Amino acid sequence: MSYATPRATTRPALRRLLLGAAASFAAVGSLAGVTPAAHAQADGVGLPSPARIGDGPQRDHLTVTVKNAGGADGTFELYCDPEGGSHPDPRGACAALERDTRWGRDLFAPAPRDGFCTMQYGGPATAHVTGTWSGRRVDATYDRRDGCQIARWDRLVPLLPDLNAGDGA
């Protein structure tokens, strides 16, 4: 007496499962590369944007507080898609954030603790960024205490002030 399931009945079920999983991954992967500009274009032709399905329009919004950065100190609001707020360069800041946003990667993640960082001091400037970017909550702090932190800060210029410009703004 055999209790094994015949191969002819298990393979179609396995094939459906694998094809369904592959289709799901393909669908998610195709959404990962869609930019806010593409969402806006979809809205323009009457198609719902993924950012706007559900409870109404959602905009990326960040509050940036900069201290000890010379003339660049202050608290600024930034809105993207469309750009606006009290930030000195909303278009540039949104473009920089959009350029570095990648699916599955936290744009605002701290520098790795086990990384090798140059022992240089970039000054006393600090920044605190809170809000929502790309549908995710943001609560990140920045300083310029070593090479890794300086590089992390500089990646977000012009969201954060360009302190390498020589004038501190």
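Annotations
- Inter-part distance where region 109-151 and region 71-106 are each reduced to a Cα centre, Å: 16 Å
- Loop-located chymotrypsin sites (Phe, Trp or Tyr not before Pro) in region 91-132 (DSSP state other than H, G, I, E, B) with a sparse environment of at most 15 neighbouring Cβ atoms within 10 Å: 103, 116, 121.
- Cα gyration tensor shape of region 70-141, rounded if a/c is under 1.5, else prolate or oblate by comparing a/b with b/c: oblate
- Neighbours of residue 146 by Cβ distance under 14 Å: Lys/Arg scored +1, Asp/Glu scored -1, total +1.
- For region 96-169, the list of trypsin sites (Lys or Arg not before Pro) that fall in a loop by DSSP and count at most 14 other C-beta atoms within 10 angstrom reads 102, 105, 113.
- Net +/- balance of residues flanking residue 80 in space, Cβ distance below 14 Å, scoring K and R +1, D and E -1: -3
- Solvent-accessible area, 1.4 Å probe, carbon plus sulfur percent, for region 106-161: 54 percent
- Surrounding net charge for residue 120, when Lys and Arg each add one and Asp and Glu each subtract one, Cβ distance under 13 Å: -1
The values are calculated or read from the model by the stated rules, or taken from the named source; none is laboratory data. All of these numbers come straight from a predicted model, not from anything done at the bench. Note that we place each Cβ from the backbone using ideal geometry, even for glycine, and neighbour counts take in every protein chain shown. Ligands, DNA and RNA are excluded from the accessible area calculation, which covers all protein heavy atoms including side chains. Shrake-Rupley method; radii C 1.70, N 1.55, O 1.52, S 1.80 Å.
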